[in-house]
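Undergrad: This is the structure I want to talk about, given as structure tokens.
The values are calculated or read from the model by the stated rules, or taken from the named source; none is laboratory data. Because the structure is a prediction, the values reported are computed rather than measured. Ideal geometry is used to build each Cβ from the backbone, glycine not excepted, and the neighbour counts take in all protein chains shown. These accessible areas exclude ligands, DNA and RNA; they are computed on the full protein's heavy atoms, side chains included. Shrake-Rupley method; radii C 1.70, N 1.55, O 1.52, S 1.80 Å.
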Amino acid sequence: MSAAPSNVSPSWAVELVGIDKRFGPVHANRNVTLRFAPASIHGLVGENGAGKSTLMSILYGFYEADEGTILVRGQPVDIRTPQDAIRLGIGMVHQHFMLVETFTVLENLLLGHEGGPVLGPAMARARAEVQALEDQFGLEVPLDAIVSDLPVGVQQRVEILKALYRGAEVLILDEPTAVLSPPEVEQLFRILERLRQQGRSVLLITHKLKEIMAVTDRVSVLRRGEVVAEFTTAETDRQALADAMVGRKTSLFVEKAPAVPGDVLLSARQVNVVDGRGVATLKDASLTVRAGEIVGVAGVAGNGQSELLEVLSGMRRFESGTVTLKGEEIGPHTAYDAAGARRRGLAHVPEDRLKLAVIKEFPAHESAILGYHEDKDLSRGLRLDWKRVALKTISLMERFDVRPLNPNLRTSLFSGGNQQKLVMAREMDREPDILLVGQPTRGVDIGAIAFIHRQLVSLRDRGKAILLVSAELDEILALSDRVLVMCDGEIVGELPAAEATESRIGTMMAGIKEAPAAERVAP
Amino acid sequence: MDFLLSLLSLLDSTLRLATPLLLAALAGFYSERAGVVDIGLEGKMLVAAFAAAAAAAMTGSAWAGLGAGILASLLLALLHGFACITHRGNQVVSGVALNIVALGLTAVLGNAWFQMGGRTPNLPAGARFGEITLPLAEGLRGVPLLGPLYYELVSGHNILVYLALAAVPLTFWVAYRTRFGLRLRAVGENPAAVDTAGISVTALRYQAVLIAGLLCGIAGAYLSTAQGAGFQTNMTAGKGFLALAALILGKWKPVPTLFACLLFAFADALQTRLQGVRLPGIGEVPVQLIEALPYLLTVLLLAGFVGKAIPPKASGRPYVKDR
Amino acid sequence: APALAFEPAIVFDMGGRFDKSFNEGANNGAERFKADTGVNFRWFEVTNEAQREQFLRRLASRKADVIVSVGFSMAPSVEKVAKEFPNVRFTLIDGHVDLPNVQSVEFAEHEGSYLVGVLAALASKTGTVGFVGGMDIPLIRRFACGYEQGVKATKPATAILANMAGSTPAAWADPTRGSELAKSQFDRGADVIFAAAGQTGMGVLQAAADAGKLSIGVDSNQNYLFPGKVLTSMVKRVDVAAYEAFKTARDGTWKAGHQRLGLKEDGVGWADDAHNKALITPEMRAAVDKATAEIKAGTRIVANYDDAKGCKY
Amino acid sequence: MSAGGGPDNLPWWATGLLLPVVNVALALLVSALVILAIGEDPVGALGSMLRGAFGTGEGIGYTFYYATSLTFTALAVAMAFHGGLFNIGGEGQAYIGGLGVGLVCLSLGGWPWWMVLPLSVMGGAVFGGVWAAIPGWLQAYRGSHIVITTIMFNFIASSLMVYLLVNVLIKPGQMSPESEAFDPSTFLPMMADMAASVGIAMESSPLNFSVFLALAACVGVWFFIWHTRWGYALRATGANENAALYAGIDPRKVIVVTMALSGALAGLLGVNELHGVQHRLMLNFPAGLGFTGIAVALMGRNHPAGIIPAAILFGALYQGGTELIFDYPTISRELVVVIQGVVILFAGALEHMFRPALVRLFARRPSVAAKPAGA
Ligand SMILES: Nc1ncnc2c1ncn2[C@@H]1O[C@H](COP(=O)(O)OP(=O)(O)OP(=O)(O)O)[C@@H](O)[C@H]1O
Ligand SMILES: Nc1ncnc2c1ncn2[C@@H]1O[C@H](COP(=O)(O)OP(=O)(O)OP(=O)(O)O)[C@@H](O)[C@H]1O
Ligand SMILES: [Mg+2]
Ligand SMILES: [Mg+2]
């Protein structure tokens, strides 16, 4: 617990003193004290479940602390509801979006700040004000679009704009970059910079230590609900932060031998998908994946990667084209579903684990057989043999270090990282010939990331074919033997690992095609 | 001319029958748009019908009846709110329970107060909402087409019918043009967004539930003091459920809901006129088939044309700050 | 020492004892018996099928002296329980059970309906009369058929509009629907409507009074409900049946067997009192009296819907 | 409505036993106030209900007879619930199921009951199942809201049955719209007779062999939902349709099948009411038991182990209520309805009212001022 500056002279923007919070048996915050200065960007890091979101929700009045005091600009304050926080000039962008999806952007901005009982005139006024804000910060948001029609990145911008519109002097950002593309991240950082110049303070939560290093002035580390360290960013490095978060020495690098690709196990030719609204979401997608290689698919979320995974895994019909699975051709009219895919030796870790890969209400052991409940070795006659299922689950949990080791705990009570490990364990357990993986480490802390990466590489080394979709360029670069880049439903380029650099992929992600042969040296 | 008159009479009857459905469906609109499922429209209408008839019988004033009806319905609405909002109870169970309580209680109180088997005395003209002849109706009656249209269809209803019709644009305005409406629709979709915007979810939902109570109160009073002349046990006879169906058919939007109500009422009015009609080749259509017509129609419409109705996302779920 | 108290009982059908209709008629008879003799009676209202037998059996095992069961739906239960308790007397109203300890009382509703049909035809100025039935069951069709015969026999050119309120027991208790049906019939030209629909009929009577048209009540005398607006009522003397059952059981003259009470037995008739005096013209009175006499004498036969298997006459 | 203790860590017996008992007690207290308000003796009246429901052999018979019917309709609701469907159509499915039962019994006159029973069960299940599968299909393939379609199908069932009974199936020359009586050879044995045949004297009541069928249905439903692959697929679909799709389950098929099974369970009500007791096809025999089944299922937390006691509670309310109006002529049958509503309100909708208090009671943590999470 390194020193908070001892002299009192720089008046703090916000001081959280001795905050304590429990959720039933979970002690989310333990006597946390955290201060940050005006005109500064303060980072907050910690493993999954360390209590970061809880702490900030308390500052925002969304939760009430069991104990502790809050001071804003030196004055003790009583924050019981978000309304109190808003009045004190505190704004928050939540980790899970707080948007009304059926509303337009403008309506979302207006909510709670309508400026009069009738919307008409207020709406016009708000439009002008928001426009001014957009210009000032270079944030572009279509005000009359329905939120659910917008890509997540834009939704994130709406959230930020909402906080700015409400006049936040102190802006809390809870993992805002998880869904942003690299250029969007850069843009966000420019905004944060401008806020700091205006004398406002920003509190930034992120799992990406690179970002911490890039923009923050100071950074606090939370572990198991406690503040365990605080650094001046300029005086520390990623390794030190990682070690403080986990509480021991960690390795941030994956070791990996060159790939030895074998036969083509999975391929797609000219696959097209049109969604329910008639929009083409996948256009003439073609690819091959060989045994013993990891093919990475890079791209900003929402550019057809989800559809690609869904088509290949049998969850979605496609309009035209063929998919070839271990030599077997599958057309738009072939009977092919997720169960069929699994029978043919294809496993799938989907992008959105909470929506697809586990059932939150089920106990862990029931989630641990999702997709495999028809397996002969799990049933006895008509009966699903729960004893065998439990044994199986325990072995999965042990192999992948899922904590707590309790197969009867409700799935939703496991932390995100542990849920992800459970899904990985389930899908890798049957030694699939082909593994489709989407966003394997989204929202997962660095300890778990390294583990998951090692598992993927070892599967590859056992001669399996892996298709990896990730919005994290670092992840793509660290794992892939070959990189495909997607933009607007198309596969716009392909690079061998050796030639894949951040900037080349970045330009391709933005939709600027380059001929595969054209060699350019990265700056 | 004869055809015109019978058509007008059909439409006239449609309006009368649509009124309670419309009021109740709009009540459901407010409640469900705020995220509180309301199976209890039926029960609220029933207590209101009883209270209105009882008060009108005792005071001789239809307006006193209306006031009593609204009050009774509000009390039931508060109870629903207490169970579902304050105590986060299951909204469907609460609605079912309140329907049953309303069914029993109105009969018990009716028996205790009037000793007429749960009925209230027949209301004299003064204790009911009479028909209003709109200005110029008599004078314009002779004008071809428009005259009868105005006289037969537009004029000559009681004030609650006009009130119900006026409630549709009013509701539209409230829901889509006011601050309250914006918040109401938001809390039914994503209460957490409302909460983090610094607005009380609980207060908002209580307001919505109470508005539902108010509208059901008017609907109930209409049944016993305008359309009818006294209260009978279970006189709502499923209208609350039909109103709910209209709300869903109208996809939780005020204007389409109006059309759904009119459709149900039209089918209902039509079926009284179709009884005994012979169709070429088929012969006399069984009464029961005609009677089932509104329901069959609804199913066909739902299956064929309306498509998927997407309820307010948070409806049915109590709000808990949770991940 | 006083003799063991006399204990009569009555079981009402689902409509309940204040249904303004045949249950209420039976109730009136029982109340009259109570007023005359000071003897109290037990009563129950059935709420579901299982309770029919349950109430009957309970009353029988407690040695009720006579058990009046109101409504044709009670017939199967009466049959079953009467077999179990051969020493208990049962009177079944509106139904028929052949057992040595059961008295079945049925009414010739078609005859009474015929008379009000005569009156309706004569009272109508538009030449169109209406009929609103409750639930669509043979009993109500019998009413409708008698009514139709009366109308047609009097003024063959008269048009008859007929509606049933519904297919569930709710059809007996839906005055709103009754008033809508009445309004639709008025709109189609009817100016007299016969309502044989329990409480649903109240809506018909109300709508007629509101519209300044005429209605005809059913079962009990309903003329007083809207004086001057109810042409008459087709009375079915369920009250007499109930009263007689209690009285004969008390004085020992109760007899099992089947009775069909028609005009001749004064079991059915039309209500003629101060409330509708002004509505009945001498011409109407003459016509209805003539019909009454002929039916009683057997010279005019009113076809019964059930016997004829349809309204054929 | 998740089963078992939530995140507030109450022991299972507190949520499973203590809380319901407290809630029912409160409901009875409120009922007592209502009885007091109409000028009757509440202790005597509630005592009479209790005696009526459980005090005599006959009373117990009736209580369990009602509970049998309620078990079928509640299981129907529970089955659909686990598939993520809210089936309000139990009433209509029971009605049409009864038609199936009736047709089987009418056409198999002369057969012994134990041969008729499997067929009448099938008749009820198939008719009820098909009647429910249509709304299921409409939901799955046409997106028609199941709540409306099942409500509509209740009305349609009612019209259909009246048509059939008035025009087709009515026993000729009879006033009430009922079919001919079934052949006595087909009658299910009455519990009293079965008891008598093994030398136990039991008062006569409508309780019949169907009660065993109801128990078997409970076990069957429990086994199906929680111990088979199909049950797993059903629950997965109910909890998360997208996850089901991911797992290779076709949610649309599951929805249709779930509704069919749900309707089949509701259809078995006809076995108890018609094959067991009334011995003829008649109008309106479900008499609201389909609707009450919703309350029973929700109070029983959609699990057979909860449904059985909840069904008995409601059976006791029905039968105790009958006894109440027998003993207290001034109390009308509608008061019994009020009491039922109050029980559903307190034991169902307000079930969480005492939870925070209970949590405080059980939280013997050292830390003071433990506020309830997330006001
Ligand atoms: N709502 C809850 N109620 C009860 N227990 C919970 C709840 N949420 C989480 N837990 C439990 O609290 C513990 C800590 O969860 P947390 O989210 O902090 O995981 P973690 O240790 O950070 O794991 P990871 O780093 O993999 O995310 C877990 O054992 C989890 O099961
Ligand atoms: N509403 C709640 N009810 C119960 N437990 C909760 C609740 N919210 C959070 N928790 C628990 O509190 C602990 C801290 O959660 P919190 O969300 O603050 O972690 P975090 O540091 O933001 O993690 P992540 O990096 O995954 O976002 C976790 O164990 C979590 O399970
Ligand atoms: Mg976590
Ligand atoms: Mg967080």
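Undergrad: Which of the residues belonging to the range B:178-202 are among the hydrophobic types (A, V, I, L, M, F, W, C), at the interface with chain A (Cβ under 8 Å from one of its Cβ atoms), touching a Leu at 6+ places or on another chain (Cβ under 9 Å) and within 25 Å of A:LEU59 (Cα to Cα)? Quick ask: steps written out before the conclusion?
TA: Residues of the range B:178-202 that are among the hydrophobic types (A, V, I, L, M, F, W, C), as a first pass: B:180, B:182, B:184, B:186-187, B:192-194, B:197, B:199, B:201.
Within this subset, residues satisfying the condition of being at the interface with chain A (Cβ under 8 Å from one of its Cβ atoms) are B:180, B:182, B:186, B:192-194, B:197, B:199.
When the remaining residues are screened for being touching a Leu at 6+ places or on another chain (Cβ under 9 Å), the result is B:180, B:182, B:186, B:193-194, B:197, B:199.
If the condition is that a residue be among the hydrophobic types (A, V, I, L, M, F, W, C), at the interface with chain A (Cβ under 8 Å from one of its Cβ atoms), touching a Leu at 6+ places or on another chain (Cβ under 9 Å) and within 25 Å of A:LEU59 (Cα to Cα), then B:ALA186, B:ALA193, B:VAL194, B:ALA197, B:ILE199 are the ones that fit.
Undergrad: Taking helices (runs of 4 or more DSSP H) that do not extend beyond the range B:64-177, which have at least 1 residues that are away from chain C (no Cβ under 14 Å), under 25 Å from C:GLN199 (Cα atoms) and touching a residue at least 40 places away in the same chain (Cβ under 8 Å)?
TA: Values: elements: B:91-114, B:137-140, B:159-177.
Counting at least 1 such residues, we get B:91-114.
Undergrad: A further question on this structure: Taking the range A:60-88, which residues are under 29 Å from A:PRO404 (Cβ atoms) and within 15 Å of ligand 4 (Cβ to nearest atom)? Before you say what the answer is, go through the steps one by one.
TA: Keep residues of the range A:60-88 that are under 29 Å from A:PRO404 (Cβ atoms), which gives A:62-68.
Matches in the range A:60-88: A:PHE62, A:TYR63.
Undergrad: Return yes when D:ALA311 is more than 18 Å from D:THR68 (Cβ to Cβ) and surrounded by 24 or more Cβ atoms within 10 Å (Cβ to Cβ) and no when it is not. Lay out the reasoning, then the answer.
TA: Working: more than 18 Å from D:THR68 (Cβ to Cβ): no; surrounded by 24 or more Cβ atoms within 10 Å (Cβ to Cβ): yes.
For D:ALA311, the condition - more than 18 Å from D:THR68 (Cβ to Cβ) and surrounded by 24 or more Cβ atoms within 10 Å (Cβ to Cβ) - is not met.
Undergrad: Next question. What pairs come out if I take residues in the range A:186-212 that are more than 16 Å from ligand 4 (Cβ to nearest atom) and pair them with residues that are of a type in the set (Ser, Thr, Tyr) whose C-beta lies under 7 Å away, six or more apart or interchain?
TA: Close Cβ pairs (under 7 Å, with a partner that is of a type in the set (Ser, Thr, Tyr)) amount to A:LEU188/A:THR177; A:ARG196/A:SER40; A:SER201/A:SER40.
Undergrad: Within the range A:409-445, track down each residue that is away from ligand 1 (no atom under 16 Å from the Cβ) and aliphatic (A, V, I, L, M).
TA: A:MET428, A:ILE434, A:LEU435, A:LEU436, A:VAL437
Undergrad: Now a separate question. Of everything in the range C:281-311 that's within 14 Å of chain D (Cβ to nearest Cβ) and part of a helix (DSSP H, G or I), which residue is most open to solvent (accessible area, probe 1.4 Å)?
TA: Ranking the qualifying residues of the range C:281-311, first place goes to C:ASP307.
Undergrad: Tally time: how many residues in the range A:419-442 are touching a residue at least 40 places away in the same chain (Cβ under 8 Å), assigned to a loop (DSSP other than H, G, I, E, B) and closer than 29 Å to A:ALA240 by Cβ?
TA: Within the range A:419-442, residues that are touching a residue at least 40 places away in the same chain (Cβ under 8 Å), assigned to a loop (DSSP other than H, G, I, E, B) and closer than 29 Å to A:ALA240 by Cβ number 3.
Undergrad: Same structure again: State all residues of the range A:20-79 that are under 21 Å from the mean Cα position of the chain (by Cα), over 25 Å from D:LEU10 (Cα atoms) and within 16 Å of ligand 1 (Cβ to nearest atom); if no residue qualifies, say none.
TA: A:LEU44, A:VAL45, A:GLY46, A:GLU47, A:ASN48, A:ALA50, A:LYS52, A:SER53, A:LEU55, A:MET56, A:SER57
Undergrad: If I ask for residues that are in contact (Cβ under 8 Å) with a residue 24 or more places away in the chain and part of a loop (DSSP other than H, G, I, E, B), which ones from the range D:347-361 would you list?
TA: So in the range D:347-361, the residues in contact (Cβ under 8 Å) with a residue 24 or more places away in the chain come out as D:347-348, D:350-351, D:353-355, D:358-359.
Within the range D:347-361, D:LEU350, D:GLU351, D:MET353, D:PHE354 qualify.
Undergrad: Just checking, how many residues over the range B:205-225 are aliphatic (A, V, I, L, M) and open to solvent by less than 10 Å² (accessible area, probe 1.4 Å)? Before the answer, list the steps.
TA: So the first thing to find is which residues in the range B:205-225 are aliphatic (A, V, I, L, M), and the list is B:208-212, B:214-215, B:218-219, B:221, B:223.
Narrowing the set further to residues that are open to solvent by less than 10 Å² (accessible area, probe 1.4 Å) leaves B:208-209, B:212, B:219, B:221, B:223.
Residues in the range B:205-225 being aliphatic (A, V, I, L, M) and open to solvent by less than 10 Å² (accessible area, probe 1.4 Å): 6 in total.
Undergrad: Only one of C:GLU31, C:GLU7 is within 14 Å of chain B (Cβ to nearest Cβ) and among the charged types (D, E, K, R). Can you tell me which?
TA: Numbers: C:GLU7 fails: within 14 Å of chain B (Cβ to nearest Cβ).
On inspection, the qualifying residue turns out to be C:GLU31.
Undergrad: In the range C:211-263, how many residues are part of a helix (DSSP H, G or I) and more than 17 Å from C:LEU279 (Cβ to Cβ)?
TA: Filtering the range C:211-263 down to residues part of a helix (DSSP H, G or I) leaves C:211, C:223-225, C:238-251.
Checking which are more than 17 Å from C:LEU279 (Cβ to Cβ) leaves us with C:238-251.
Of the residues in that region, 14 qualify.
Undergrad: Another question about this same structure. Return the pair list, or none, for Cβ contacts closer than 8 Å from residues in the range C:188-204 that are more than 10 Å from chain B (Cβ to nearest Cβ) and touching a residue at least 40 places away in the same chain (Cβ under 8 Å) to residues that are surrounded by fewer than 24 Cβ atoms within 10 Å (Cβ to Cβ) and part of a strand (DSSP E or B), at least 6 apart or on different chains.
TA: The qualifying pairs are C:ALA190/C:THR128; C:ALA190/C:LEU161; C:ASP191/C:THR128.
Undergrad: Next question, about the same structure. Looking at the range C:34-53, which of its residues are in a helix (DSSP H, G or I) and surrounded by fewer than 24 Cβ atoms within 10 Å (Cβ to Cβ)?
TA: Within the range C:34-53, C:LYS34, C:ALA35, C:ASP36, C:THR37, C:GLU49, C:GLU53 qualify.
Undergrad: Can you list the strands (runs of 3 or more DSSP E) lying wholly within the range C:88-183 that have 2 or more residues being of a type outside the set (Ser, Thr, Tyr), surrounded by fewer than 23 Cβ atoms within 10 Å (Cβ to Cβ) and more than 14 Å from chain D (Cβ to nearest Cβ)? Working first, answer last.
TA: Numbers: elements: C:89-93, C:102-107, C:128-135, C:159-166.
Result: C:159-166.
Undergrad: Could you look through the range A:49-59, keep only residues that are within 12 Å of chain B (Cβ to nearest Cβ) and farther than 12 Å from A:VAL14 by Cβ, and pick out the one that is nearest to ligand 4 (Cβ to nearest atom)?
TA: Step one: of the range A:49-59, the residues within 12 Å of chain B (Cβ to nearest Cβ) are A:49, A:53-54, A:56-58.
Cutting the leftovers down to farther than 12 Å from A:VAL14 by Cβ gives us A:49, A:53-54, A:57.
Working: A:GLY49: 8, A:SER53: 3, A:THR54: 8, A:SER57: 9 Å.
Looking at the filtered set, the residue picked out is A:SER53.
Undergrad: Out of all the residues in the range A:443-452, is one or more away from ligand 3 (no atom under 16 Å from the Cβ), open to solvent by 10 Å² or more (accessible area, probe 1.4 Å) and touching a residue at least 12 places away in the same chain (Cβ under 8 Å)? Before you say what the answer is, go through the steps one by one.
TA: Applying the first criterion (away from ligand 3 (no atom under 16 Å from the Cβ)) to the range A:443-452 yields A:450.
Still in the list and also open to solvent by 10 Å² or more (accessible area, probe 1.4 Å): A:450.
Next, only the ones that are touching a residue at least 12 places away in the same chain (Cβ under 8 Å) stay: A:450.
Scanning the range A:443-452, I find at least one residue that is away from ligand 3 (no atom under 16 Å from the Cβ), open to solvent by 10 Å² or more (accessible area, probe 1.4 Å) and touching a residue at least 12 places away in the same chain (Cβ under 8 Å), so the answer is yes.
Undergrad: What are the residues in the range A:55-64 that are within 16 Å of ligand 3 (Cβ to nearest atom), surrounded by 24 or more Cβ atoms within 10 Å (Cβ to Cβ) and within 17 Å of B:ALA193 (Cα to Cα), if any?
TA: The answer is A:MET56, A:SER57.
Undergrad: Residues that are within 14 Å of chain B (Cβ to nearest Cβ) and at pLDDT 90 or above: find the helices (runs of 4 or more DSSP H) completely inside the range D:120-236 holding 2 or more of those.
TA: Result: D:146-163.
Undergrad: Give the residues of the range A:99-158 that are of a type in the set (Lys, Arg) and under 19 Å from A:SER181 (Cα atoms), sorted by residue number.
TA: Step one: of the range A:99-158, the residues of a type in the set (Lys, Arg) are A:125, A:127, A:157.
Selection gives A:ARG157 alone.
Undergrad: Of the numbered conditions (1) open to solvent by 60 Å² or more (accessible area, probe 1.4 Å); (2) touching a Lys or Arg at 6+ places or on another chain (Cβ under 9 Å); (3) among the charged types (D, E, K, R); (4) without any contact (Cβ under 8 Å) to a residue 40 or more places away in the chain, A:ARG224 fails exactly one; give the number of that condition.
TA: Failed condition: (4).
Undergrad: Right, here's the next one. Can you tell me which condition A:ASP66 does not meet? The list is (1) at the interface with another protein chain (Cβ under 8 Å from one of its Cβ atoms); (2) in contact with a helix residue (DSSP H, G or I) (Cβ under 7 Å, 6 or more places away or on another chain); (3) modelled with pLDDT of 90 or more, and all the others hold.
TA: Condition (2) is where A:ASP66 drops out.
Undergrad: Note down all Cβ pairs under 6 Å where the first residue falls in the range B:285-311 and is in contact (Cβ under 8 Å) with a residue 40 or more places away in the chain and at the interface with chain D (Cβ under 7 Å from one of its Cβ atoms), the second is open to solvent by 20 Å² or more (accessible area, probe 1.4 Å) and not in a helix (DSSP H, G or I), and they're at least six residues apart or on different chains.
TA: B:ALA309/B:LYS251; B:ALA309/D:HIS145
Undergrad: Let me ask another. In the range A:168-196, which residues are within 16 Å of ligand 1 (Cβ to nearest atom) and not small (Gly, Ala, Ser)? Break it down into steps so the answer makes sense when it comes.
TA: From the range A:168-196, those within 16 Å of ligand 1 (Cβ to nearest atom) are A:174-175, A:178; that's our starting set.
Once the filter is applied, which keeps residues that are within 16 Å of ligand 1 (Cβ to nearest atom) and not small (Gly, Ala, Ser), the range A:168-196 yields A:ASP174, A:GLU175.
Undergrad: Here is a follow-up. I need every pair where a residue in the range A:44-60 that is more than 6 Å from ligand 2 (Cβ to nearest atom) has its Cβ under 6 Å from the Cβ of a residue that is of a type in the set (S, T, N, Q), sequence separation at least 6 or different chains.
TA: A:LEU44/A:SER220; A:LEU55/A:ASN29
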